[in-house]
1. When you go through L264, L301 one by one, which is the residue that is among the aliphatic types (A, V, I, L, M) and surrounded by fewer than 20 Cβ atoms within 10 Å (Cβ to Cβ)?
2. Among the residues of region 225-249, count how many are surrounded by fewer than 24 Cβ atoms within 10 Å (Cβ to Cβ) and assigned to a helix (DSSP H, G or I).
3. Which one of these is in a loop (DSSP other than H, G, I, E, B), under 22 Å from the mean Cα position of the chain (by Cα) and not hydroxyl-bearing (S, T, Y): V165, V183?
4. Pairs, please: C-beta under 8 Å, at least 6 apart or cross-chain, first residue closer than 26 Å to K454 by Cα and in region 413-442, second exposed (fewer than 15 other Cβ atoms within 10 Å of the Cβ) and among the basic types (K, R)?
5. Look at region 194-213 and say how many of its residues are outside any loop (DSSP other than H, G, I, E, B) and either in contact with a helix residue (DSSP H, G or I) (Cβ under 9 Å, 6 or more places away or on another chain) or surrounded by fewer than 21 Cβ atoms within 10 Å (Cβ to Cβ) (or both).
6. Which of (1) of a type outside the set (D, E); (2) over 19 Å from the mean Cα position of the chain (by Cα); (3) surrounded by fewer than 24 Cβ atoms within 10 Å (Cβ to Cβ) is the odd one out, the single condition L176 does not satisfy?
7. Residue check, V386 against (1) closer than 23 Å to L264 by Cβ; (2) β-branched (V, I, T); (3) exposed (fewer than 15 other Cβ atoms within 10 Å of the Cβ), all met but one. Which one?
Amino acid sequence: MFFRVASLLLIVTLLGCSAQNLDLLASITSSTGQLLGGITKLPLVRQITQVSGDLLADTVNLVTTVPLSLVRSLGVSYGFPTLVSDTNSVELTNRIINEFTEGLSNEDINLTIIDLVSKYGYPIEKHMVETQDGYFLTMHRIPNDNASAVFLMHGLLGSSDDWVVSGPVSALAYLLADEGYDVWMGNARGNKHSRFHNTFDTSEADFWDFSWHEIGIYDLPAMINYVLLATKSSRLKYIGHSQGTTAFFVMASERPDYNNKISLMIALSPVAFMNHVKSPIVRLTAPGAPFLHNIMKGLGLYEVLPDNAATKLLRQLLCRAERLAEILCTNFVFLALGFDFEQLNVTNLPVLYGHMPSGASGKQFAHYAQGIVSGDFRQFDYGDMVNAVVYGEKRPPSYALENVRAPVAMFYSEADWLADPRDVNQLYNKLTNVIDLYKVPHEQFSHLDFIVAKDFKTLIYSRIRKLLWTFQKYDFE
């Protein structure tokens with residue numbers, strides 16, 4: 001029975017990626033909800049759900065040890081947090097479900113970023129810039145003329161929405177605007193705000209032939225140049241989260257002249273080296289991700305988790321069904337965010353889900369997976385033959401991190417499943433101009449907490465504020 005249910009869920013998920021017939025999707029999802037609604041009432045299934053995290057973690061540990069040891073020839077063992085722990089009781093799970101349901105009535109779920117920012121009384125502008133290779137990127141700005149410009153860059157599957165979804169009390173874009181900064185929010189190629197090219201359509205493979213390498217080489221320089229020209233400044237401050245840090249390190253390594261345009265770079269959960277990634281999902285899929293990426297391309301599937309009607313309908317149907325939400329939505333949050341909920345605003349999760357994921361190329365995921373396998377921070381690996389043509393050698397070149405000259409402040413945490421402290425330390429040792437290495441003083445602080453934590457103002461923003469003030473004078477030199 002378990003495998004039948006899993007198969008049915010897989011069918012629904014695949015349809016969510018590129019469904020053309022929404023009526024069919026709704027019908028299948030409805031049937032799935034009815035089936036699981038009955039199954040989850042069984043005491044045995046309830047017990048299985050409670051220990052599912054332990055089983056998944058143990059399975060991932062077993063499955064990934066052999067492939068990773070083969071491809072990396074390293075005897076590394078990995079441990080994973082479990083879904084059932086002292087901080088994740090049945091009572092807590094029930095409370096989370098209730099708070100999540102309460103948040104489903106929030107109108108912010110369906111507002112665009114323009115409407116969302118305007119709702120809370122802030123001015124907002126929309127700007128568009130073309131990259132050197134023909135992509136049209138959208139930027140959103142909360143303007144403050146003649147003020148110091150701060151550029152915010154989102155992570156994988158994110159968008160400019162990430163910086164405002166927590167609301168005016170704790171979202172970074174609002175806090176910076178209140179402080180008097182000119183706030184610019186970038187969008188990488190391929191996400192829901194940047195889906196145009198001067199030659200290719202999003203239905204074509206060529207449109208999606210990019211990873212975070214191209215985001216660093218083309219997207220960031222184009223947006224940074226635009227901001228500096230618009231603000232008549234010589235430098236700006238850059239704050240990136242996750243992939244937003246990866247792309248910056250690519251840009252500063254491969255186009256070192258852009259170091260002169262950055263007065264300060266703040267890396268929230270910096271991702272470059274990924275030797276010690278803890279996420280069960282990431283570790284499970286990493287060894288086979290490049291192969292899966294090629295299969296997806298062969299099937300004409302180039303985008304991962306797009307922000308389209310089919311995905312929104314699937315997410316809405318799944319996460320509004322109480323029993324199904326208990327098994328899928330909540331446990332997915334556990335796996336994505338970590339298992340201590342002190343910093344998780346569950347009531348605001350529906351708003352977060354309403355604005356992300358925002359879509360990405362499968363090649364971005366494949367590139368990260370290659371880094372986990374290789375243990376290096378390097379360019380995309382096309383295989384020996386193609387590498388010899390593209391790079392002039394069989395192995396893709398490592399990024400020249402010694403070229404990063406802009407002042408860098410790195411924020412990290414002990415419980416970050418994607419930016420492990422050991423990997424952050426390796427990056428720290430490679431960089432030559434780190435001016436601050438800050439470990440968040442909260443034991444269970446997770447990867448997404450860096451942008452949506454309840455105590456963001458005290459744990460993150462208070463230090464950001466001091467750093468920005470310290471480097472204020474350098475923007476206009």
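The values are calculated or read from the model by the stated rules, or taken from the named source; none is laboratory data. Computed from a prediction, not measured in an experiment: that's the story for all the values here. For neighbour counting, all protein chains shown are included, and Cβ atoms are generated from backbone atoms with ideal geometry for every residue, glycine included.
1. Working: L264 fails: surrounded by fewer than 20 Cβ atoms within 10 Å (Cβ to Cβ).
Sole residue among the options that is among the aliphatic types (A, V, I, L, M) and surrounded by fewer than 20 Cβ atoms within 10 Å (Cβ to Cβ): L301.
2. Qualifying residue count, region 225-249: 7.
3. Of the residues listed, the single one that is in a loop (DSSP other than H, G, I, E, B), under 22 Å from the mean Cα position of the chain (by Cα) and not hydroxyl-bearing (S, T, Y) is V165.
4. These pairs meet every condition: S413/K439; E414/K439; P421/K439.
5. Restricting attention to region 194-213, the residues satisfying the condition of being outside any loop (DSSP other than H, G, I, E, B) are 196-197, 205-208, 212-213.
Now narrow it down to the ones that are either in contact with a helix residue (DSSP H, G or I) (Cβ under 9 Å, 6 or more places away or on another chain) or surrounded by fewer than 21 Cβ atoms within 10 Å (Cβ to Cβ) (or both): 196-197, 205-206, 208, 212-213.
Number of matching residues: 7.
6. So L176 meets the others, but not (3).
7. (1)
Conditions (1) at pLDDT below 55; (2) under 25 Å from Q343 (Cβ atoms); (3) among the hydroxyl-bearing types (S, T, Y), marked per residue:
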{"site": "S85", "(1), (2), (3)": "yes, yes, yes"}
{"site": "E99", "(1), (2), (3)": "no, yes, no"}
{"site": "E102", "(1), (2), (3)": "no, yes, no"}
{"site": "K119", "(1), (2), (3)": "no, yes, no"}
{"site": "Y122", "(1), (2), (3)": "no, yes, yes"}
{"site": "M128", "(1), (2), (3)": "no, no, no"}
{"site": "D133", "(1), (2), (3)": "no, no, no"}
